[in-house]
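K.L.:
The structure that follows is given in the form of structure tokens.
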Amino acid sequence: MQNIIKQVESEQIKSDIKNFNVGDTVRVHAKIIEGTKERIQVFEGIVIRFQNGGLNETFTVRKLSSGIGVEKTWPLHSPKIVKIETVRKGVVRRAKLFYLRNRVGKAAKVKEAISKKTSNNVSE
């Protein structure tokens, strides 16, 4: 029984989608179906948590819209998610960033990771 469940789950799991962590700013491109029309809507915000694992893995994205905090929880392997772009890598020391809910303005920011790109322009 367990083998059958694992086989079905392995067919539905997206293999290359998880390239982001908690604290990163991401753009989630999701399919929205309204009647007979279908469109893609973008939701951009900070990832504040990951939950569960395997096929049931979800992540929560938080953004400010007109001064009001909006959070959406997305299933990571959902067929409704077209693409997830990482806009900015964040440096955090916690697994869940619920403290951002109580912060406003600059206090609600997450430090950005500095990429370690070395330049070849060495002056001698």
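Bear in mind that the values in this text are calculations on the coordinates, not laboratory data. As the structure is a prediction and not an experimental result, all values here were calculated from the model. Reconstructed Cβ throughout: ideal geometry from the backbone, glycine too, with neighbour counts over all protein chains shown.
K.L.:
With θ set to phi - 60°, apply the Karplus curve 6.51 cos²θ - 1.76 cosθ + 1.60 along the stretch 40-49 and write out the HN-Hα couplings as whole Hz, x wherever there is a Gly or Pro.
P.N.:
Each residue of the stretch 40-49 in turn: 10, 10, 9, 10, 10, x, 9, 6, 9, 6 Hz.
K.L.:
Apply the Karplus curve 6.51 cos²θ - 1.76 cosθ + 1.60, θ = phi - 60°, to the phi angles in the stretch 65-81 and return the couplings in whole Hz, x for Gly and Pro.
P.N.:
10, 6, x, 10, x, 10, 10, 10, 9, 10, x, 5, 9, 5, x, 6, 7
K.L.:
Quick check on the chain: helices-only [θ] at 222 nm, where DSSP H runs of length 4 and up contribute -39,500 (n - 2.57) each and the sum goes over total residues. Nearest 500, please.
P.N.:
Mean residue ellipticity, 222 nm, calculated: -2500 deg cm²/dmol.
K.L.:
Moving on to the next point. Students often get this wrong, so check it: of K6/K37; K14/K106; K6/K109; K14/K37; K37/K111, which have C-alpha atoms separated by over 32 Å?
P.N.:
Violating the 32 Å limit, Cα to Cα: K6/K37; K14/K106; K6/K109; K37/K111.
K.L.:
Taking the highest mean first, how do the peptides 74-83, 95-104, 44-53, 29-38 order by number of other beta carbon atoms within 10 angstrom per residue?
P.N.:
Put in order of decreasing packing, that is 44-53, 74-83, 95-104, 29-38.
K.L.:
Can you tell me the convex hull volume per residue for the chain, based on C-alpha atoms, in Å³ to the nearest whole number?
P.N.:
About 203 Å³ per residue, rounded to a whole number.
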